[in-house]
1. Determine which lysines satisfy two conditions relative to A:Lys71: a Cα distance under 18 Å, and not lying fewer than 8 residues away in the same chain.
2. Considering only DSSP states other than H, G, I, E and B, which chymotrypsin sites (Phe, Trp or Tyr not before Pro) in the range B:19-111 qualify as loop sites with at most 14 other Cβ atoms within 10 Å?
3. Using a Gaussian network model on chain A with a 10 Å cutoff between Cα atoms, which of A:Ala86, A:Ala70, A:Ala41 fluctuates the most?
4. Give the residues of the range B:7-38 whose amide nitrogen is closer than 16 Å to a point set 7 Å from the Cα of B:Glu83 in the direction of its Cβ.
5. Using the Kirkwood radius over Cα pairs, work out the Stokes-Einstein diffusion coefficient for the protein assembly as shown at 10 °C and 1.306 mPa s, in µm²/s as a whole number.
6. In debye, nearest 20, what is the charge dipole magnitude of the protein assembly as shown about its Cα centre with +1 on Lys and Arg Cβ and -1 on Asp and Glu Cβ, if you could check?
7. Using a Förster distance of 22 Å, how high is the FRET efficiency between B:Leu115 and A:Asn7, based on the Cβ-Cβ distance and rounded to 0.05?
8. Compute from the Cα atoms of the range A:4-111 the Rg and the Dmax, the latter being the longest Cα-Cα distance, and quote both in angstrom.
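The values are calculated or read from the model by the stated rules, or taken from the named source; none is laboratory data. Quick caveat: nothing in here was measured; it's all calculated off a predicted structure. Note: ideal-geometry Cβ built from the backbone for every residue, glycine included; neighbour counts use all protein chains shown. All accessible areas refer to the heavy atoms of the entire protein, side chains included, with ligands and DNA or RNA removed. Shrake-Rupley method; radii C 1.70, N 1.55, O 1.52, S 1.80 Å.
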Amino acid sequence: DQQVKQNSPSLSVQEGRISILNCDYTNSMFDYFLWYKKYPAEGPTFLISISSIKDKNEDGRFTVFLNKSAKHLSLHIVPSQPGDSAVYFCAASVYSNYQLIWGAGTKLIIKP
Amino acid sequence: DAGVIQSPRHEVTEMGQEVTLRCKPISGHNSLFWYRQTMMRGLELLIYFNNNVPIDDSGMPEDRFSAKMPNASFSTLKIQPSEPRDSAVYFCASSFGGLGANVLTFGAGSRLTVL
């Protein structure tokens, strides 16, 4: 039972354009969501998070949008840069608990 | 700070052998997590320590797996005996805070191959 789903295994975007990565979840008790980025042969690194009391959070080129009614969140990267090429993981927790439920990841490829 | 340090980075062993993975968390962090990543199951939490005490080991697959945290700066994950299905990347992560969903800092991982 996949509670957090990233349905696109990969995404290819032109440098300078917007990258939109999507994440769907099934558990309505999730109240805290995070995005991590992972380069090959490295561990995941934290990118941005959002609490369920918000519907948007921005940090520089990165914005996360949360649609609770649709149980959907998305990560927007504008503009996309070659260094953004990585695997992006969505994660969620119930009651902001330490137990994170992870999506399978989306590989983002930024084309020059 | 050098970040979360894991060793070895790569381990190849034969079925039945004992494997010990090591982790040094970030100084000052009081929470430590061991995760396993496989193609089939993605990232799974194996065990969580808070202030050196195991809080949740429900993700440890079976008795062949054990983890210890003898002090705030060191943890081990041991598999004995190892099996081919244990082949995966094992990540250690640390954070500062209580039982909440704090931001984790991951190590680079230990890639285990059991032949």
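1. A:Lys5, A:Lys54, A:Lys56
2. Here the chymotrypsin sites (Phe, Trp or Tyr not before Pro) that fit, given the DSSP loop and packing criteria, are B:Phe96.
3. A:Ala41
4. The answer is B:14-19, whose backbone nitrogens lie closer than 16 Å to the label point.
5. 87 µm²/s
6. 460 debye
7. Taking R0 as 22 Å, the efficiency between B:Leu115 and A:Asn7 is 0.05.
8. Values for the range A:4-111 (Cα only, Rg and Dmax): 13.0, 39 Å.
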